[in-house]
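Visitor: I have a structure here, written as C-alpha cells, and I will follow up with some questions on it.
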Amino acid sequence: MNQPDPAETYRQEAADLLDQLEQALLDLERAPADADLIDTAFRALHTIKGSGSMFGFDRVAGFTHHMETAFDAVRKGHVPIGSPLIAVALAAKDHIRMLIEQPEVASEADGAAILARLRTAVADMPGLVVGDPAVAALVAGRQGGSGWRLRFRLPRDAMASGTNPLLLLDELRGFGPCQVTATTDAIPLLQALDPTECHVGWDVTLTTSQPRAAIEQVFLFVLDEMELDLQPLVPAQTVRTEPVDRPAAAPGAPAEARPMAAEPRPEPPAAAAPGSASSIRVAAERLDELMDRVGELVIAQSRLKQVAATSNDIQVKSVAEEIERLALELRDTTMSARMVPISQLFGRFRRLVRDLSHELGKDIALITVGEDTELDKTLIERLADPLIHLIRNAIDHGIATPERRIALGKPPQGHVTLSARHLGHEVLIAIADDGRGLDRARILERAQEQGLLPAGAYPSDNELFQVLFQPGFSTAREVTNISGRGVGMDVVRRTIEGLRGTISITSEAGRGSEITLHLPLTLAIIDGLLVRVGRGRYVIPLTAVEECVELSAAVDARSRGYSFLNIRGALVPFLRLRDLFDTGTPAEDYQKVVIVSSGEQRVGLVVDQVIGDHQTVIKSLSKLHADVETFSGATILGDGAVALILEVAHLVAHGHQRQDQMRAAE
C-alpha cells in the first residue's frame, strides 16, 4: 500500500486551517471582542507554523510566526483588534496559501510588504500596550530595532542528549556582533554538582537584522524544553506604553513569575468517547472509484433483474430481488458519502463580498440560509465559478451606494442572500439582492439592438431574462474591472446546463432580483424513465417527469398542424421524438406523451412505449458528440445495449421555440 505523502497531508490540513482562519477573521470584523474567535485564529496560525517547520515548509513557518506573534499579543489584550489588522491578516492568509501551494510563485517582496503593513497597523493601533515582548517584536522593524537580547537556559540533560552550548553560541555569533555573559547563579555546590548536567545560563546581546524566526531556529531541537526570553533591542521611549489593569496580589503572595518560554504548546487531542462521532480523511479519487464500482454493480443488477424476469425459478427471482435491494442501499450509502454541506461553498463568498464592498464603496452584508443542505462534492466544486459571477453582478449592478439607497428610501446597507434547500430530487440555490432590480426596458432595448429578439416582440419576463445568458450580452454602459463585458453570465449558463441544471430569474423593479439554480442531487447515478421510440430506447430523468398521457392515432392526426395538447385546460406543446430522431418506422396506434418540465415551462415528448423506471448510471459522451445538445449522456441497459439520456432543458426550449414559430406564422 502506498504511504501518504507527508507534505501533501500538510497541504490538505493547512488548506482547512486557512479556511477556518479566514472565517474567524471575517467574524472578528463584526465582533472584535469575541475571545473564542481570537483563540481560533491564533490556534490556526500556530498549527500552520508548527507543522510547517516539521514538514520542511520553512518559508511558511518563518512568515506565519509574525502573524502568530501578533495574535498572541491580541489574545493577551496588549494589541486591540481593528479593521487595519484584519485587512493585513487576510492578505497574510493569502500569502501563506501561496507559499504552501505555489512556493515558486510566492514573492519574498510581497511577504516583506505584508509584514511592513503588519508593523504599521500594530504600531498605529490606538490603545497599544507593551505588556510583553511580542508587542515590541512586532514594532521593532518599524521603529529601528537593531538586534536581540537573549536570556536562555538549556535543559539540564541537554549535553547528555548531544546538544553542545558552545556550538549554539557560535551560530548566534554568525548573525553579527555578539556579547555573551554566562549566568552562574544556578550552579550548585561542588558536593551536589552533577558534571553531566548543564547548570549555566547565558545572557546574549546580538546586533543583527535577522528576524525572530532565525534566532529561534538556532534552538530548534531544544526549544520546547528550554527557557528562552527573546526581546528586540528597541529604545524604550519609542513605544507608547499604557498601564495594564491587573488584579492586586493578595498580601504575602509571591510576585507572578513570568515564564521565559513564550511559545505555547498545543494541547494533545482528547480521546474520543465511546460511541461518539468520528471521521477520517479519504482521498476524493477513492470516492470516485467507489462510485464507478457501484455504477458497474447497478448495471450488473439490471442484467440480473432482466434474466430473473424471464425465469420461472422462484429462487432466482428471490435472489434478484435481494440483490436489487442491497444494490439500491449501497448506491444510496455511497452517494451520501459523496455529499458535503453547502456551507463549504457559501463560506468562500464572505471574503468576496467584503472585498468588493470596500472596492466599490458600498455597505453590503452577506446572508446565508440553508448551509446544512448537502450536495454532491463534484457539484460543489463546479458551482464556485458560476456563483462568483452571479454575486459580483448582484453587487456591481444590483446594489447601489449607501447615499443612493438612502435617497431611494432604503437602509444604507444592502443585502445579498445565498440560500439552498432541497425540493424533491433537486437542490435549489438562490442568489437574491435587495437592489434596484432588472431594468426590463433596457434589457429589451439591448436585446433588439443585438438581434437577439425581433423588433416589436413582447416576451414574458422569464423569456426576456434568459437573454442575459447570451454570449456577449450586457446592459452595462461602461466596462469596469468587475463586470460589463457580457461573458460572465454565458459561463454561468453553460456550466449549469453542463450539470444538468436550469436557471430561473425573478425580479421586481426597485426591490431586487433573485436567480435560482435548479440542480440534481448527484451527477453519477439517477433514477430515470426508460422509453422506446421506434427501435431505440432512451432515458428521461425522472425528476423532470410530471405525468404520462395517451396520444391516440385520431388525436395525433388532428394535431399534425398544431402539436398542442390540452392538459386540464392548459395548452402544452409536444414534440414527436419519432420525427426528431428520424426513426423511419410507422407510428403505433396508441402512443404515449411524457410531460416534462424545465423551470416553469412544460413540453410533451411523444414516445411509442413507456417501459418503466430504470436506475441510470450516467456515462459521458465522447468529444466527437460534444455539440449534440439533445442528449446529456448515455447508460448501459441490462442486456448490454446502450440507451441515450435525453437533455430535458434543451428539448423544452426546442418545443417552445417551435411554438413561437407557429404563432409567428399564424
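No lab work stands behind these numbers, since they all come straight from the coordinates. As the structure is a prediction and not an experimental result, all values here were calculated from the model. Positions of Cβ are backbone-derived with ideal geometry, glycine not excepted, and every protein chain shown enters the neighbour counts.
Visitor: Evaluate the stretch 144-237: find the radius of gyration of its Cα atoms, find its Kirkwood radius, and give the ratio Rg to Rh.
Guide: On the Cα set of the stretch 144-237, Rg over Rh gives 1.00.
Visitor: Quick one: if the Förster radius is 45 Å, what FRET efficiency do H415 and Q102 give, using the C-beta to C-beta distance and rounding to 0.05?
Guide: Efficiency, rounded to the nearest 0.05: 0.80.
Visitor: Additional query: Once phi is turned into θ = phi - 60°, what whole-Hz ³J(HN,Hα) does the Karplus curve with 6.51, -1.76 and 1.60 give for every residue of the stretch 381-397, x standing for Gly and Pro?
Guide: Running phi through 6.51 cos²θ - 1.76 cosθ + 1.60 with θ = phi - 60° gives 5, 8, 8, 4, 5, x, 5, 4, 4, 5, 5, 4, 5, 4, 6, 6, 8 Hz.
Visitor: Then there is this: For K317, go through the lysines and keep the ones whose alpha-carbon is under 27 Å away, minus same-chain ones fewer than eight residues off.
Guide: K305
Visitor: What lysines could a cross-link reach from K362, if we take a straight Cα to Cα line under 25 Å and drop same-chain neighbours fewer than 8 places away?
Guide: K93, K410
Visitor: Taking the number of other C-beta atoms within 10 Å as the exposure measure, put T163, T630, T184 in order starting with the fewest.
Guide: T184, T630, T163
Visitor: Starting from the stretch 78-126, pick out the GluC sites (Glu not before Pro) whose DSSP state is loop and whose Cβ has at most 15 other Cβ atoms within 10 Å.
Guide: Those that pass, being in a loop and sparsely packed, are E104.
Visitor: For K410, K49, what's the fewest-to-most ordering of other Cβ within 10 Å of each Cβ?
Guide: Placing the least packed residue first, the sequence is K410, K49.
Visitor: Once you have the Cα-Cα distance between V549 and R404, take 0.36 nm times their residue separation minus that, and quote the gain in nm to one decimal.
Guide: Full extension of this stretch gives 46.8 nm more.
Visitor: If R0 is 35 Å, what FRET efficiency do you get for A337 and E13 from their C-beta distance, rounded to 0.05?
Guide: E(calc), rounded to 0.05, equals 0.95.
Visitor: Kirkwood hydrodynamic radius (Cα pairs, Å) of the stretch 341-520?
Guide: One decimal place: 16.9 Å for the Kirkwood radius.
Visitor: Another question about this same structure. Stretched out fully, how many nm does the piece from T207 to R494 gain, at 0.36 nm a residue minus the Cα gap?
Guide: 97.2 nm
Visitor: Within the stretch 1-70, list the GluC sites (Glu not before Pro) lying in a DSSP loop whose Cβ has at most 13 other Cβ atoms in a 10 Å radius.
Guide: Answer in residue order: no site qualifies.
Visitor: Compare the Cα positions of P402, L383, T373 along the charge dipole of the stretch 367-451 (+1 at Cβ of Lys, Arg; -1 at Cβ of Asp, Glu; about the Cα centre) and return the one farthest towards the positive end.
Guide: P402
Visitor: Mind putting a number on the dipole of the stretch 525-665 about its Cα centre? Charges go on the C-beta only, +1 for Lys and Arg and -1 for Asp and Glu, and I need it in Debye to the nearest 20.
Guide: That gives a dipole near 220 debye.
Visitor: Under the 0.36 nm per residue contour assumption, what length would be gained going from the current alpha-carbon distance of K623 and D194 to full extension?
Guide: 146.6 nm
Visitor: Another question about this same structure. Under a Cβ-only charge scheme (Lys and Arg +1, Asp and Glu -1), can you give me the dipole magnitude of the stretch 284-338 about the Cα centre, in debye to the nearest 20?
Guide: In total the dipole reaches around 120 debye.
Visitor: R0 = 56 Å: FRET efficiency of E426 with D5, Cβ-based, nearest 0.05?
Guide: Rounded to the nearest 0.05, the efficiency is 0.90.
Visitor: Among A284, L330, L345, whose Cα lies farthest out toward the positive end of the dipole of the stretch 282-394, if unit charges sit on the beta carbon of Lys, Arg (+1) and Asp, Glu (-1)?
Guide: With unit charges placed on the Cβ atoms, the residue in question is L345.
Visitor: Only sites in a loop by DSSP and with at most 12 other Cβ atoms within 10 Å count here; which trypsin sites (Lys or Arg not before Pro) in the stretch 559-632 make the cut?
Guide: Counting only loop positions with at most 12 other Cβ atoms within 10 Å, the trypsin sites (Lys or Arg not before Pro) in the stretch 559-632 are R560, R568.
Visitor: How far apart, in nm, are two points set 7 Å out from the Cα along the Cα-to-Cβ line at D224 and at I611?
Guide: My value for the distance between the label points is 6.3 nm.
Visitor: Counting only residues 5 or more places away or on other chains, whose amide H sits under 5 Å from the amide H of F473 once H atoms are built in the peptide plane?
Guide: Result for F473 returns nothing.
Visitor: Let me ask another. Determine how many Å³ per residue the convex hull of the Cα atoms of the stretch 284-338 encloses.
Guide: 50
Visitor: Only four residue types carry charge here, +1 at the Cβ of Lys and Arg and -1 at the Cβ of Asp and Glu. Report the dipole size of the stretch 144-237 about the Cα centre in Debye, rounded to the nearest 20.
Guide: 360
Visitor: Output wanted: per-residue J couplings in Hz (rounded whole) for the stretch 442-449, from phi through Karplus 6.51 cos²θ - 1.76 cosθ + 1.60, θ = phi - 60°, x for Gly and Pro.
Guide: Taking θ as phi minus 60°, the curve returns 5, 5, 4, 4, 5, 5, 6, 4 Hz for the stretch 442-449.
Visitor: Sort L418, L287 by Cβ crowding within 10 Å, fewest neighbours at the top.
Guide: Listed from fewest to most nearby Cβ atoms, that is L287, L418.
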